[in-house]
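Right, one structure below, let's go through it.
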Amino acid sequence: MKQTKQIICINWGTKYGAPFINRLYGMVARHTSPPFRFVCFTDSTDGVRPEVECQPLPPLDCALPTGSPGIWQKARLWGPRLGDLQGPVLFLDLDLVITGSLDSFFEYGNPDEVILSQNQIWSLGRFGQFERLGQTSVFRFPVGKLQPLQERFMKDPQGTADRFRFEQRFVTSSAPGGVKLFPKRWVRHFRQNCVRPFPLNFFLPPRLPSDARIVIFPGGVHPTHVIEGRWGRHAVSQPRLAHFLQALSPGFDGKRLSHLRHFLLSPAWVEQHWRE
C-alpha cells in the first residue's frame, strides 16, 4: 500500500482564517497524488471546508517573544506529539501558491531527515559572515524530531528570538542531525524570482518560473494583493501612468525608486492557482 502523505498548516488569530485554509487545501488536493491527509492546527474552525482535518493548536508552555520578525508560533509544531500524526509531515504556509506536484517533496531524502526549502539568497549572519539559510515556509520533518529545539526555545523564548531573529535560522542551525534543503528550483520567492525589475514591471507581469512547484510570498505581499495588482495591504491599485506620475510629482514624500519598483501588473497564473 502507498504511504499516506501528511500535509500540515497552522492558523491562529484573524489574519488568515478559513479563506486561506480552504484555498491551500484546494491547491494541495489538485497537486498531490492520493492517499494524503491535510491537517490544520487552528484555534477556529469557522468556515473551514469539511475535507480539512482541524485539530487544536499544539500547546506551547511559554510566553511568545515580542518585537521579533520570526514566526515563533511555529514552535508549537516542534513538540514530541503533533495531534495524532506520526512520521514525516510536510508543513506549508497558508499564503503560498502551489503550481506543481507536491509528490517529490515526500520522495526527496530520507523520511527521518529535516528538510527545508532554500532561502533564495545568502543571508548575512550575526557575525558578518554569509550563511546558508533554510525557509520554514515549506519544510518536512518527522514528528518529534524537533523536540530538543522546542525545549531549548521554551527555556528562553525572548533570548532565542533576540539571538536568531527568525525561527528558520534557529531551525537551520540547531535541528538535531542538521538539515537538508529541497532543490532551489522547486520553491520560488515571489519578490525575488517572479517580479520584474523596474522598468520592466510596468510592461510585463510577474513571471512563473517553469520549474517552480511552490511560490512563497513573504514580506507582506499576499496572493490576494497580487491578484488585485497591488504590492501589499497598504498599497493602492492604480493605472500604470498614474503610478509613474505619482513618483514624479513635486509633493511626493516617499522613496521614488522604491515606489516605481512596487508597481505590479496582476499575473494570470496567481489567480489560476490561488483558488479552492
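The values are calculated or read from the model by the stated rules, or taken from the named source; none is laboratory data. Quantities reported herein were computed from a predicted structural model and do not represent experimental measurements. For neighbour counting, all protein chains shown are included, and Cβ atoms are generated from backbone atoms with ideal geometry for every residue, glycine included.
Determine which single condition Gly67 fails, assuming it passes every other condition in (1) at pLDDT 95 or above; (2) farther than 16 Å from Ala175 by Cβ.
(1)
Considering only residues that are under 17 Å from Trp78 (Cβ atoms) and either in the same structural domain as Leu264 (by TED's automatic domain parsing) or β-branched (Val, Ile, Thr) (or both), which ones fall in the stretch 158-208?
Within the stretch 158-208, Thr160, Val171, Thr172, Val179 qualify.
Looking at (1) without any contact (Cβ under 8 Å) to a residue 12 or more places away in the chain; (2) surrounded by 17 or more Cβ atoms within 10 Å (Cβ to Cβ); (3) of a type in the set (S, T, N, Q), which is the only condition Gln238 fails?
(2)
Going residue by residue through the stretch 97-108, is there one that turns out to be at pLDDT 95 or above and closer than 21 Å to Asp43 by Cα?
No: zero hits.
Which one is surrounded by the most Cβ atoms within 10 Å (Cβ to Cβ) among residues in the stretch 6-53 that are among the aromatic types (Phe, Trp, Tyr) and more than 16 Å from the chain's Cα centre (by Cα)?
The qualifying residue surrounded by the most Cβ atoms within 10 Å (Cβ to Cβ) is Phe38.
Tell me which residues, restricted to the stretch 179-202, are surrounded by fewer than 13 Cβ atoms within 10 Å (Cβ to Cβ) and free of Cβ contacts under 8 Å to residues at least 12 places away in the same chain.
Passing the criteria: only Leu200.
Suppose we filter Leu265, Leu257 for residues that are among the hydrophobic types (A, V, I, L, M, F, W, C), outside any helix (DSSP H, G or I) and at pLDDT 85 or above; which single one remains?
From the options Leu265, Leu257, the qualifying one is Leu265.
Answer yes if at least one residue in the stretch 145-155 is within 27 Å of Ser104 (Cα to Cα), among the aromatic types (Phe, Trp, Tyr) and either in contact (Cβ under 8 Å) with a residue 40 or more places away in the chain or not assigned by TED's automatic domain parsing to the domain that holds Arg256 (or both), and no otherwise.
no
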